[in-house]
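Reading through the structure tokens given below for one structure.
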Amino acid sequence: MGGGPAEVKLVSNAMANATRRKIMAMLVEKDRTHEEIEKAVGGSMLDYHLQMLQQAGLAEAKDGALILTEFGKNFMESKAEKPAEAKKDLAGTKPLEITEIKQLLPCIADSSKFRVIARFSPPLGGALKVLEPLFPRARYSERIGALIIQRGNMLITIYSTGNVTMTMIGSEAEAKQITEGLRNTINEAITKGVTPVPREKVKVDHMEIYDYLPKTNCQVCGEQSCYTFAIRLVASETSLEKCTPLTEEKYATNLEHLRTLLEYL
Ligand code: SF4
């Protein structure tokens, strides 16, 4: 298995799913038959999951059983220390419940999408930081006390207080599905320890920043336009604070979102 972008993506996709991570954890213990795996994780889409692991070069079929490849063994060994460490840090953390999903507001960057606010209970507090390796594109920000997760053009921010904000959501049903998925992934980590997934670099560009600026071209920031400000902000040649209109109440959500995006720069 090479280490090129295509291979990294295959591994990343294979390990992005909780069922496949569970299968890999089982294979670390010993080789497993199809029946043993089915008994542990269920038969739903099992062939697909096994195919994903084999395509990624993590596992292979041998003598009627599924075994880890050398690459799969090395991959799991490289992750072995972190789960134990993480589990220790999650000691005493209680499983999450979703207490609310609300405020389906139109999204600022795309009015056909929604901004959703949900709430997890109990709050995760400092344990949030330990959860960062669970997601391919995530970053824990000490400054805002939140775990920021990127999925496509969707941005999910889980705050240490338990609040969760999600942008670019298509429907209430999608918001519910995502929130439940997050809860399940985090609860699995609380009970079994964190299984890190391959990380992907998050790139924020100036157009994404521009989408959330007031777009009035008032020049208070000292720039010719909001577009120029966005370019200079991405280049770290100016600071968000210079756009003082963002402190107006009507831009409160924009400001929150921009602060989140800037964590990725
Ligand atoms: S101060 Fe803000 S709104 Fe005004 S031009 Fe600069 S970036 Fe745009």
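Packing order of peptides 93-102, 12-21, 179-188, highest average first: 12-21, 179-188, 93-102 (average count of other Cβ atoms within 10 Å over each peptide's residues).
Report the one residue of Val194, Leu155, Met168 whose Cα lies farthest in the direction of the positive end of the charge dipole of the chain (charges on C-beta: Lys and Arg +1, Asp and Glu -1; origin at the Cα centre). Sorting the options by dipole projection puts first Val194. Per-residue ellipticity at 222 nm computed for the chain from its helices equals -12000 deg cm²/dmol, with DSSP H segments shorter than 4 residues left out and the rest contributing -39,500 (n - 2.57). Full extension of the chain between Asn163 and Glu248 yields a length gain of 28.4 nm, computed as 0.36 nm times the residue separation minus the alpha carbon distance. Judged by the ratio a/c of the largest to the smallest principal axis of the C-alpha gyration tensor, the stretch 206-262 counts as oblate, that ratio being 1.5 or greater while a/b is no larger than b/c. With contacts defined as alpha carbon pairs under 8 Å and 6 or more residues apart, what's the relative contact order of the chain in percent? So the answer I get is 16 percent. For the stretch 206-262, averaging the sequence separation of C-alpha pairs within contact (under 8 Å, six or more residues apart) and dividing by the residue count gives a relative contact order of 35 percent. Here the simple spin-label model places points 7 Å from the Cα toward Cβ, and for Ile117 and Ile98 these points are separated by 1.7 nm. Each part gets one Cα centre, and for the stretch 231-265 versus the stretch 159-181 those centres are 23 Å apart. Highest mean first, the peptides 33-40, 64-71 sorted by other C-beta atoms within 10 Å per residue fall in the order 64-71, 33-40. The calculated FRET efficiency for the pair Ser44 and Leu240, based on their C-beta separation and a Förster distance of 41 Å, comes to about 0.35. Computed in the context of the full set of protein chains, the accessible area of the chain at 1.4 Å probe radius has 50% of its extent on carbon or sulfur.
The stretch between Gln55 and Ser78, if pulled fully straight at 0.36 nm per residue, gains 6.3 nm over its current Cα-Cα span.
Taking every alpha-carbon pair under 8 Å whose residues sit at least 6 apart, the stretch 100-156 reaches a relative contact order of 20 percent. Using Cα centres only, tell me the gap between the stretch 1-74 and the stretch 100-147 in whole Å. Measuring centre to centre over Cα atoms gives 30 Å.
The values are calculated or read from the model by the stated rules, or taken from the named source; none is laboratory data. For clarity, every value in this text was computed on a predicted model and none was experimentally measured. For neighbour counting, all protein chains shown are included, and Cβ atoms are generated from backbone atoms with ideal geometry for every residue, glycine included. Side chains included, ligands, DNA and RNA excluded: accessible areas come from the protein's heavy atoms. Shrake-Rupley method; radii C 1.70, N 1.55, O 1.52, S 1.80 Å.
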